[in-house]
Amino acid sequence: MSEEQAAKGRALLAQLTNTPEAIDRFPKRFRDYTIEHLFGDVWQGDALALPERSLVTCTILTALAREPEQRFHFAAARRLGIPRDKLVEMITHAAHYAGWPNAVGALRSLEEVWPGTE
């Protein structure tokens, strides 16, 4: 991959999280793929806006019950300006297709990173 993609990936990580340096804990090869390919290329497409990509990612992680990754991406969605109630609605909708336990786990993850007011 190119230095340009690496720079774009690091810039996006800085936009999504307040701890972009946390990626440095991963092995170099995995870290490079994550920064250069995933965030420097895949997340950079023009067909979906950044908040749309974020919401799609949150939905997939809900369906797959990936709670640790949900916490990262729910917090990133918040930083991108996606309203909390939209995430709750997505989780409620996903419950009917991906299963109630997956939705309960996602709501628990959301509550950890973005406590609700209800």
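Every read-out reported here was derived from the displayed coordinates using simple, explicitly stated rules and does not represent laboratory data. The model shown is predicted, which means the values in this text are computed figures rather than measured ones. Virtual Cβ from ideal backbone geometry, glycine too; neighbours counted across all protein chains shown.
For the range 72-112 and the range 1-69, what is the separation of their C-alpha centers, rounded to whole Å?
After rounding, the separation between the Cα centres reads 18 Å.
As an exercise, take the mean of 1/r over every pair of distinct alpha carbons in the chain, invert it, and state the Kirkwood radius in angstroms.
Over the chain, the inverse of the mean reciprocal pair distance is 14.8 Å.
For residue 18 and residue 100, what is the calculated FRET efficiency with R₀ set at 22 Å and r taken between the beta-carbons, to the nearest 0.05?
0.10
Please report 54, 2, 109 as a ranked list, fewest other C-beta atoms within 10 angstrom at the top and most at the bottom.
The most exposed by this proxy come first: 2, 54, 109.
Relative to the longest principal axis of the chain, what angle (0 to 90°, nearest 10) does the C-alpha long axis of helix 3-16 take?
Helix 3-16 sits roughly 30 degrees off the main axis of the chain.
Note the angle between two axes, namely the Cα long axis of helix 84-98 and the longest principal axis of the Cα atoms of the chain, as a number of degrees from 0 to 90, rounded to the nearest 10.
80
Spin-label point model (7 Å from Cα, Cβ direction): what's the residue 112 to residue 86 distance in nm?
Calculated label separation equals 2.4 nm.
Given the peptides 22-33, 3-14, 70-81, arrange them by the average over their residues of other C-beta atoms within 10 Å, most packed first.
70-81, 3-14, 22-33
Classify the range 3-44 as rounded, prolate or oblate from the Cα gyration tensor: take a ≥ b ≥ c as the square roots of its eigenvalues, call it rounded if a/c is under 1.5, otherwise prolate when a/b beats b/c and oblate if not.
oblate
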